[in-house]
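These notes concern the structure reproduced below.
The values are calculated or read from the model by the stated rules, or taken from the named source; none is laboratory data. Quick caveat, the model's predicted, so the values are computed rather than measured. Cβ atoms come from the backbone with ideal geometry, glycine included; neighbour counts cover every protein chain shown. For accessibility, only protein heavy atoms count, side chains too; no ligands or nucleic acids. Shrake-Rupley method; radii C 1.70, N 1.55, O 1.52, S 1.80 Å.
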Amino acid sequence: MAEHFPVLAVTGAASGIGAATARLAATANYRVAMLDLTAPANDALLRRNNTVFAECDVTSRESLRSALALIEETWGQGPDAVVHCAGIYQTSATEELDLELFARVQHINTTGTFLTAGVLGRSMLERGAGSLVLLSSIAFALGDEAEPGAAYAASKGAVVSMGRQLAAEWGPRGVRTNVVAPGVIDTPMTTIVDNAQAYGDLLATHPMRRLGTAEEVARVCLFLAGPGASFVNGAVIPVDGGQCIV
Ligand code: NAP
């Protein structure tokens, strides 16, 4: 009989941490549903027979439901685990009162997390088992003089609060929820590399004198998603090379 590997749904899977998580999971033989606004161009990952791409906007309930339907159609079941990486980083000085930017960041990062958890989490709850991994940021806890990121920090604080609440609500129903809080990771999202002064200051004071890689975060996401973390629920795990301790 053919062996069945777990089904993992990854949002934001076309880039950065999501792409690294999808790649790592696919090579570990998970069946991987890659959800994002647009498919990555010419990605060899999508030519494997254990991956599928679903065009999905995490701010839309309908879009998430279509992605779930595609997963069920492809593999005859919903996801065993979900790693929710989709998000945006945009900054503006709070005193500029850019309400549009503030609302956009909350919409994608906070509402997107709420909807992803609601639609894909519900599918796991119905089967009485699953694991949800949410992406916050050290910005939820650590202020940053270099960039005016109050909107982003607020959205990532919301992700932590949501994750801990869901861990309490859904733990008794078989679904674990954990939060990963990356430090500064080398992905297309990271803007500090464009500011030589701020980048130099960061490297000079960072305990590991470097940025993290997407794969270093992906490894932790995949650990939390899988059976190795069977008694880990409601945790907020920094993957920041110790940046938060200085
Ligand atoms: P990334 O490389 O920009 O990847 C994010 C992906 O999410 C992109 O493919 C993006 O598509 C997609 N996305 C944006 N809005 C979406 C939506 N409404 N629906 C579906 N997909 C959407 O970013 P990353 O660095 O991998 O970040 C992944 C997560 O880690 C984010 O939640 C981020 O806040 C968090 N994080 C990152 C860092 C870091 O230093 N990189 C640090 C702390 C936390 P488009 O490119 O088309 O917008």
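Among the residues that make up segment 134-143, is at least one of them within 29 Å of residue 77 (Cα to Cα) and part of a strand (DSSP E or B)? Yes, segment 134-143 has at least one match.
Residues of segment 18-53 that are within 15 Å of the ligand (Cβ to nearest atom), modelled with pLDDT under 95 and small (Gly, Ala, Ser): 41 alone. Checking each residue in segment 129-143 for being within 16 Å of the ligand (Cβ to nearest atom) and buried (at least 18 other Cβ atoms within 10 Å of the Cβ) picks out 132, 133, 134, 135, 136, 137, 138, 139, 140. Tallying residues that are over 18 Å from residue 89 (Cβ atoms) and either touching a Leu at 6+ places or on another chain (Cβ under 6 Å) or part of a loop (DSSP other than H, G, I, E, B) (or both) within segment 185-217 yields 5. Checking each residue in segment 195-244 for being in contact with a Pro (Cβ under 7 Å, 6 or more places away or on another chain), of a type outside the set (Gly, Ala, Ser) and surrounded by fewer than 17 Cβ atoms within 10 Å (Cβ to Cβ) picks out only 244.
When residue 80 is tested against (1) of a type in the set (D, E, K, R); (2) away from the ligand (no atom under 14 Å from the Cβ); (3) under 17 Å from the mean Cα position of the chain (by Cα); (4) open to solvent by less than 40 Å² (accessible area, probe 1.4 Å), exactly one condition is not met: (4).
Within segment 149-178, the set of residues being hydrophobic (A, V, I, L, M, F, W, C) and over 26 Å from residue 203 (Cβ atoms) comprises 154, 158, 159, 160, 162, 166, 167, 168, 170, 175. The residues of segment 168-181 that are of a type outside the set (A, V, I, L, M) and open to solvent by less than 10 Å² (accessible area, probe 1.4 Å), listed by number, are 177, 178.
Scan segment 157-181 for residues that are touching a Leu at 6+ places or on another chain (Cβ under 6 Å), over 20 Å from residue 217 (Cβ atoms) and outside any helix (DSSP H, G or I) and the total you get is 1.
With the condition kept exactly as written, say whether any residue in segment 166-177 is within 12 Å of the ligand (Cβ to nearest atom) and in contact (Cβ under 8 Å) with a residue 24 or more places away in the chain. No, the conditions are met nowhere in segment 166-177.
Report yes if residue 198 is within 14 Å of the ligand (Cβ to nearest atom) and modelled with pLDDT of 95 or more, otherwise no. So residue 198 fails the test.
Can you pull out the residues in segment 83-100 that are within 14 Å of the ligand (Cβ to nearest atom), more than 27 Å from residue 228 (Cα to Cα) and either open to solvent by less than 50 Å² (accessible area, probe 1.4 Å) or touching a strand residue (DSSP E or B) at 6+ places or on another chain (Cβ under 6 Å) (or both)? Correct list: 88 only.
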